[in-house]
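Following: one structure in structure tokens, then a few remarks.
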Amino acid sequence: MKNYIITSLLTLGALSASAQSTSLSDTSRGNGFNPSIGLNALTLYKNSARDNDHDGFQLQEAEIQFSADVDAYFRAEATFAIHPEHEEEEEAGHEGHGYAFEPEEIFAETISIPDVTVKIGKFYTQFGKYNMVHTHAQPFIYRGVVQEYMFGEEGLNEVGVGVSTMLPLPWFSDLTVQFIQPSNEELFHEDPHSIATVANLKNLWDLSESLTLEWGLSGLYYNHRSLPTELRNRTTVLGSDLTFKWKPVKKGKYSSFVWSTEFIHKDIQGENELKNGGVSTFFRYQLAQRWYAQSQYEYLGLFADESLTDTNVYTGLIAFVPTEFSSLRVQYDDIHDGEDRPEKRVSLQLSFSIGAHPAHVY
């Protein structure tokens, strides 16, 4: 009897272990079909000498991202943003808790075509150095004044298709051409029968083991074909960016340096003519393993219409970055935009990420 009980217990244990193993195997196989999920949140405190309506604590933005390989031919990514409603949304009478939930990027791109990547969906277009960079990865707490003037608060983010390829050159050279549906109010008169074209050429050279040079050229062209010729709006935007990055082979964990400059010029011809250009340049120096100091100067008014007012912005920032998943930044802005007195603004931002943390363009 005793032997029978022992044998029965051993048999039950074996069956339980087998069932648990099968259950774990099934769970593992099931998880293989689930996308990677991540969340990034930006909390902000702002105190401005002029813009008091938006001062105080707020949720600057939260991003929820899903990413996965669809199959052997495509990968997909979907990013949704939660942010305070913009001024035009508030003026339109939107009610509620004051936040908007919007698709930021939803696209699929090929992973099986040799030497070529095709992207289709809604995405940040490949214009310049920082248009593709999400809010939490921007060099400073806010998008630059030049970027916002040229493309609006959300950047140049459209629905379309793009093709990227590496050029057969002895250095890194990437060419991207994208065809987008024009909906950005800062650039286009929306027309379902017209397409805007964006092109970007990115070059990268290793000047030494510690120093790299990146140079890019960008262009956008749009012609509103649905209107008579004399009323057509033609938009041309040209840009160039230059970035030096220094990170020593030894002790690169504690010291590094970045200098980046970008020029953008917008020319709209037709019924609503506008011409203006701007330049932004910033320095970032790593003080210690987790501390950074940054400064930036922006000027808006290059080759501009005489009726437009020049804008000068001076910015300083100190950042504490304990890991790649969190950062704490303090920023001071001195904005001279033609008003009676300049705007002086102090901002404090906490950024944190949980879950999957896919790489962004930096």
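In region 135-148, what residues are out of contact with any strand residue (DSSP E or B) (no Cβ under 6 Å at 6 or more places or on another chain) and within 20 Å of residue 236 (Cα to Cα)? Passing the criteria: 147, 148.
Working only within region 151-180, note down all residues that are surrounded by fewer than 20 Cβ atoms within 10 Å (Cβ to Cβ), of a type in the set (A, V, I, L, M) and not in a loop (DSSP other than H, G, I, E, B). Matches in region 151-180: 159, 161, 163, 166, 175, 177. Being in a strand (DSSP E or B), buried (at least 16 other Cβ atoms within 10 Å of the Cβ), without any contact (Cβ under 8 Å) to a residue 60 or more places away in the chain and touching a strand residue (DSSP E or B) at 6+ places or on another chain (Cβ under 8 Å) is a property that holds for residue 277. Scanning region 174-211 for residues that are touching a Pro at 6+ places or on another chain (Cβ under 8 Å) and under 30 Å from residue 253 (Cα atoms) yields a single hit, 210. Condition test on residue 301, is it under 29 Å from residue 238 (Cβ atoms), in a strand (DSSP E or B), in contact with a strand residue (DSSP E or B) (Cβ under 9 Å, 6 or more places away or on another chain) and not hydrophobic (A, V, I, L, M, F, W, C)? Here the answer is yes, as residue 301 does meet what is asked. Here region 303-313 is the region considered, the condition is being exposed (fewer than 15 other Cβ atoms within 10 Å of the Cβ) and not acidic (Asp, Glu), and the residue that is modelled with the lowest pLDDT is 307. Which residues, taken from region 321-349, are surrounded by 15 or more Cβ atoms within 10 Å (Cβ to Cβ), hydrophobic (A, V, I, L, M, F, W, C) and touching a Lys or Arg at 6+ places or on another chain (Cβ under 9 Å)? Matches in region 321-349: 321, 335, 348. The sole residue among 190, 102, 148 that is without any contact (Cβ under 8 Å) to a residue 24 or more places away in the chain and part of a helix (DSSP H, G or I) is 148.
Restricted to region 350-362, and to residues that are at pLDDT 95 or above and either within 22 Å of residue 295 (Cβ to Cβ) or acidic (Asp, Glu) (or both), which residue is surrounded by the fewest Cβ atoms within 10 Å (Cβ to Cβ)? Here the answer is 350. Return yes or no: is residue 184 polar (S, T, N, Q) and over 20 Å from the mean Cα position of the chain (by Cα)? So residue 184 fails the test.
Just to verify a result, which residue in region 245-260, among those that are assigned to a strand (DSSP E or B) and surrounded by fewer than 16 Cβ atoms within 10 Å (Cβ to Cβ), is farthest from the chain's Cα centre (by Cα)?
The residue in question is 257.
Scan region 103-129 for residues that are hydroxyl-bearing (Ser, Thr, Tyr), under 20 Å from residue 172 (Cα atoms) and at pLDDT below 95 and the total you get is 0. Across region 300-332, what is the total count of residues that are under 30 Å from residue 267 (Cα atoms) and either free of Cβ contacts under 8 Å to residues at least 60 places away in the same chain or touching a Pro at 6+ places or on another chain (Cβ under 8 Å) (or both)? Number of matching residues: 12.
In region 334-357, of all residues being free of Cβ contacts under 8 Å to residues at least 60 places away in the same chain and assigned to a strand (DSSP E or B), the one that is farthest from the chain's Cα centre (by Cα) corresponds to 336.
With respect to the conditions (1) at pLDDT below 95; (2) of a type outside the set (S, T, N, Q); (3) farther than 22 Å from residue 124 by Cα, residue 84 falls short on a single one, namely (3). Only residues that are closer than 20 Å to residue 128 by Cα, of a type in the set (A, V, I, L, M) and either in a loop (DSSP other than H, G, I, E, B) or touching a residue at least 60 places away in the same chain (Cβ under 8 Å) (or both) were counted in region 193-221, giving 3. The set of residues in region 42-80 that are out of contact with any Asp or Glu (no Cβ under 6 Å at 6 or more places or on another chain), of a type in the set (A, V, I, L, M) and in a strand (DSSP E or B) comprises 44, 59, 62, 64, 68, 76, 78.
The values are calculated or read from the model by the stated rules, or taken from the named source; none is laboratory data. In this text the structure is predicted, and so the values were computed from the model without any measurement. Cβ: placed from backbone, ideal geometry, glycine included. Neighbour counts: every protein chain shown.
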